[in-house]
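Here the structure comes first, spelled out in structure tokens, and everything after it is commentary.
Here, each number is a calculation from the coordinates, and none is a lab measurement. Worth saying up front: this structure is predicted, and the values here are computed from it rather than measured. Quick reminder, even Gly has a Cβ in these numbers, built from the backbone with ideal geometry, and neighbours come from all protein chains shown.
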Amino acid sequence: MTASRRAVAITGLGLITPAGVGREETWTGVLRGESTAAHDPLLKELPVDFSCRIPTMTPQQGRIGGGKAWRMGRFSQLAVLAAREAVADAGLDPTSWDGGRVAVVIGSGLAGAAHLEEQTLRLQSGPDLVSPVLIPMLISNMAAGEVLLDLGARGPSLATETACASGASALAVARDLLLSGACDIAVAGGTEAAISPAVTAGFQRMGALSTRTADPAAASRPFAADRDGFVISEGAAILVLERAEDAHARGRRGYAHLAGVGLSSDAHHPTAPAPGGTVAEVALRAAIHEAGLTPADVDHVNSHGTSTPLNDQTEGELIARVLPHRPTVTSAKGVLGHSLGAAGAIEAALTALSIHHATVPPIANLTADTLAFPLDCVLDRPRRQAVRAAASHSFGFGGHNVVLVLCAA
């Protein structure tokens, strides 16, 4: 196995998910393999009345500080908190770094849509009741903007929007900024806090959500024969990326290397993937090739695995066709639900942790009897495995395909 000369090191991770607040809590919760889905009081009047919510944060965990939280959308708050954890985990100090050499790239699918819905209801009682900070709470670039402000980062900054692949797209763009020499450190990932009645009803009306209202904890079941849709979720993951040689020079090996990126677009349908995953295959093969590997070198796949009938069918066919040697397969969405634009970054972070800890988490609610595809899905409990190379899949509405290949550092 030949490592790519274009690899960058993942030196810091910050995670806030329904499995826990912080990197360690999230990892422990995902390893437990138990769904976090539950009935949601905000959705109680809807046909689908459940979601995966982030646990209540302690005052210390949720403290933005400086009286700034009031102006931020929830998706921006999550990004700031996750970025702080990631930067501290990387052993970096924003008070002493050269902020002009620090880039920030953060993706979100629906950004402040929940705030727009809330403020639209206020507008019905008069325009003076609309928040004066509605626009910064709403627009998708403000997660990156607030992280820039919080960290004093003055390098390139971007917001990526490729629906459910947004977080993975952010990591791809950040990697390219590093390799181009535009920055020396990249703080990148995804964030989403879009659980609201209108958004949930929209997904339900298009048939994307599971309707197992009698048992929400059993609803998300990636790759199961009886899957019927995803569970809407929220969360954030921020990763610190550095050129591998720079990380090594300051004594940081990193959790893993981001060694290859593959991008493609289906041009097939607004929401449905191209049949058989044939265009997503282009992204998978490109990421493997750029990493200097062959398909046979891939030990593990962190799948998009949404638990929807169509996505799992096309992705299952894709994995079986391109990786017939049966690498281990997992999907965190059985535990965490689908956090939309944050999902790709969360799953990339979990892939890095699988490599670092030589452990692959199980897929919640999937059993050998219900597995619908000829894949080596991890069931019941975590599996110890030395993962040398792994592919993390992200596919978004609009036909956006992003595959990241991570390798052992």
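Worth a mention:
- Of all the numbered requirements in (1) in contact with a strand residue (DSSP E or B) (Cβ under 8 Å, 6 or more places away or on another chain); (2) surrounded by fewer than 16 Cβ atoms within 10 Å (Cβ to Cβ); (3) assigned to a helix (DSSP H, G or I), GLY100 misses one, and that requirement is (1).
- Hits in the range 268-289 (condition: in a helix (DSSP H, G or I) and either within 22 Å of ALA7 (Cα to Cα) or touching a strand residue (DSSP E or B) at 6+ places or on another chain (Cβ under 9 Å) (or both)): GLY277, VAL279, ALA280, GLU281, VAL282, ALA283, LEU284, ARG285, ALA286, ALA287, ILE288, HIS289
- One residue stands out in the range 299-344 among those that are polar (S, T, N, Q) and part of a strand (DSSP E or B): the one that is surrounded by the most Cβ atoms within 10 Å (Cβ to Cβ), namely THR330.
- In the condition set (1) under 29 Å from SER108 (Cα atoms); (2) in contact with a Ser or Thr (Cβ under 7 Å, 6 or more places away or on another chain), THR328 is compliant with all but (2).
- Residue match in the range 228-249 (condition: of a type in the set (Phe, Trp, Tyr) and either in a loop (DSSP other than H, G, I, E, B) or more than 27 Å from PHE75 (Cβ to Cβ) (or both)): no
- Residue in the range 150-184 that is surrounded by the fewest Cβ atoms within 10 Å (Cβ to Cβ), counting only those that are part of a strand (DSSP E or B) and among the polar types (S, T, N, Q): SER157
- Test result for GLY91, surrounded by fewer than 17 Cβ atoms within 10 Å (Cβ to Cβ), part of a loop (DSSP other than H, G, I, E, B), touching a residue at least 60 places away in the same chain (Cβ under 8 Å) and not polar (S, T, N, Q): yes
- Residue that is aliphatic (A, V, I, L, M), touching a Leu at 6+ places or on another chain (Cβ under 9 Å), within 23 Å of LEU110 (Cα to Cα) and buried (at least 19 other Cβ atoms within 10 Å of the Cβ), where the choices are VAL187, VAL147: VAL187
- LEU42, sole failed condition from (1) in a helix (DSSP H, G or I); (2) under 19 Å from ASN365 (Cα atoms): (2)
- Filtering LEU350, LEU366 for residues that are assigned to a loop (DSSP other than H, G, I, E, B), touching a helix residue (DSSP H, G or I) at 6+ places or on another chain (Cβ under 9 Å) and buried (at least 24 other Cβ atoms within 10 Å of the Cβ) leaves a single hit, LEU366.
- For first residues located in the range 5-20 and farther than 24 Å from GLY33 by Cα and in contact (Cβ under 8 Å) with a residue 60 or more places away in the chain, partners that are among the hydroxyl-bearing types (Ser, Thr, Tyr) and in a loop (DSSP other than H, G, I, E, B) and lie 6+ apart or on another chain with Cβ distances below 6 Å form the pairs ILE10/TYR255.
- Selection status of GLY202, outside any strand (DSSP E or B) and either crowded, with 21+ Cβ neighbours inside 10 Å or touching a residue at least 12 places away in the same chain (Cβ under 8 Å) (or both): no
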